[in-house]
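The values are calculated or read from the model by the stated rules, or taken from the named source; none is laboratory data. Just so we're clear, the structure is a prediction, and the values are computed from it rather than from any experiment. For neighbour counting, all protein chains shown are included, and Cβ atoms are generated from backbone atoms with ideal geometry for every residue, glycine included.
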Amino acid sequence: MNLRLFGIFRAVMNAQSTIGAARHLNISQPTVSNAIRQLEDELGFELFDRMGNRLVAREEARMLFKESESMFLFADRLAGVAEDLKENRAGRVRVVATPQLGHTILPAAIARFVAARPKVKVVCDVVDSHHVIESTEAMAADFGMAVALEPALSGNLEMVLMDEAEVVCVLPAGHPLAERKSLSPKDISPFPFIALENSARLSAPIRTAFDSAGARYAPSIEVRYSETACLLAKAGAGVTLVDSYSAATLAQARAVKVVPFRPRIPVNVWAIFPKDRPRSRLTRALIEEIKAGMAGSGKAKGR
């Protein structure tokens, strides 16, 4: 059945005349009359008695009109959903991220994203980099965010470079090294050092920097997450080396001092996607919000 013809039929029933229906639909009266005849032909029975220039609804028309109301309400709702999807106002997007990003850049980006799209549901899971990769590869997430990944992880994933951060030194406020313009491994080695455990992706390049400088690498504390290392530094347990995103929150609150580390260790920030899965409009829109946040003050900058 032709939904357009039913729409015209509905207008005639509401207006109780073809002229009123034509005026409501902003079409000609002959177009309305022709549509009613076409609908009757498709149905195989007459809906109206013709009495001069008037159409008088038969019982069949009244029954059909009553039953069609729910169909048109559904069609209106469906059109509304389609419009919301078109304008990125409805739907769902799931992102998995490492703590460096999930606890720093993502909250503000997601807040801006949902403020403009109150009908959109965002699911954000903060996990380690291995689970970011697994969830994205299994298509359990629309995309993942992580730092310090190898450029080629899997044939099932597509990696997009989002930003380049760097390793910085995080120190307690008032530390003897806090006012230095930059710090080297030899500067740091005499002080209690909070290190990332060996399984952390930044552990190897940091250790290499110490070895290359001939500096002693003897952590007094080892932790799994960069965020933990920063909190320990804030508490006065020692100094630490982390990516500049991890240091951002405490640095912006002036709870710690952040100093550039030399030699410079770049830290790439990646968005990863299932390779054979088209990106939804919502996914692309959220990625743009994250990029906007990265272009602002998303990461800590040393003095």
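Observations on the model:
- Residue check, Tyr217 in contact (Cβ under 8 Å) with a residue 12 or more places away in the chain, touching a Leu at 6+ places or on another chain (Cβ under 8 Å), within 21 Å of Arg180 (Cα to Cα) and hydroxyl-bearing (Ser, Thr, Tyr): no
- Meets criteria (outside the structural domain of Arg284 (by TED's automatic domain parsing) and not acidic (Asp, Glu)) for Pro118: no
- One residue stands out among those in segment 261-278 that are outside any strand (DSSP E or B) and surrounded by fewer than 16 Cβ atoms within 10 Å (Cβ to Cβ): the one that is farthest from the chain's Cα centre (by Cα), which is Pro263.
- Residue, modelled with the lowest pLDDT, within segment 1-30, restricted to residues that are closer than 15 Å to Met71 by Cα, of a type outside the set (A, V, I, L, M) and surrounded by 14 or more Cβ atoms within 10 Å (Cβ to Cβ): Phe6
- Elements of type strands (runs of 3 or more DSSP E) contained in segment 137-223, each with 1 or more residues being closer than 30 Å to Arg277 by Cα: 143-147, 157-172
- Residue count for segment 43-75, restricted to those that are acidic (Asp, Glu) and surrounded by 10 or more Cβ atoms within 10 Å (Cβ to Cβ): 4
- Checking segment 57-69 against the condition returns a match, with at least one residue being touching a residue at least 60 places away in the same chain (Cβ under 8 Å) and assigned to a helix (DSSP H, G or I).
- Filter pass, Lys181 being of a type in the set (Lys, Arg), more than 17 Å from Tyr245 (Cβ to Cβ) and in contact with a strand residue (DSSP E or B) (Cβ under 8 Å, 6 or more places away or on another chain): yes
- Selection within segment 202-231 - surrounded by 19 or more Cβ atoms within 10 Å (Cβ to Cβ) and within 16 Å of Ile188 (Cα to Cα): Ile206, Ala209, Phe210, Ala229, Cys230
- Some residue of segment 81-96 being assigned to a loop (DSSP other than H, G, I, E, B), modelled with pLDDT of 90 or more, under 35 Å from the mean Cα position of the chain (by Cα) and not assigned by TED's automatic domain parsing to the domain that holds Ala229: no
- Of the residues making up segment 26-47, just one is of a type in the set (Ser, Thr, Tyr) and within 18 Å of Arg62 (Cα to Cα), namely Ser33.
- Failed item in (1) farther than 30 Å from Thr136 by Cα; (2) free of Cβ contacts under 8 Å to residues at least 40 places away in the same chain; (3) among the charged types (D, E, K, R), with Glu179 passing the rest: (2)
- Filter result for Arg254 (on the phi > 0 side of the Ramachandran plot and either in a loop (DSSP other than H, G, I, E, B) or not assigned by TED's automatic domain parsing to the domain that holds Met145 (or both)): yes
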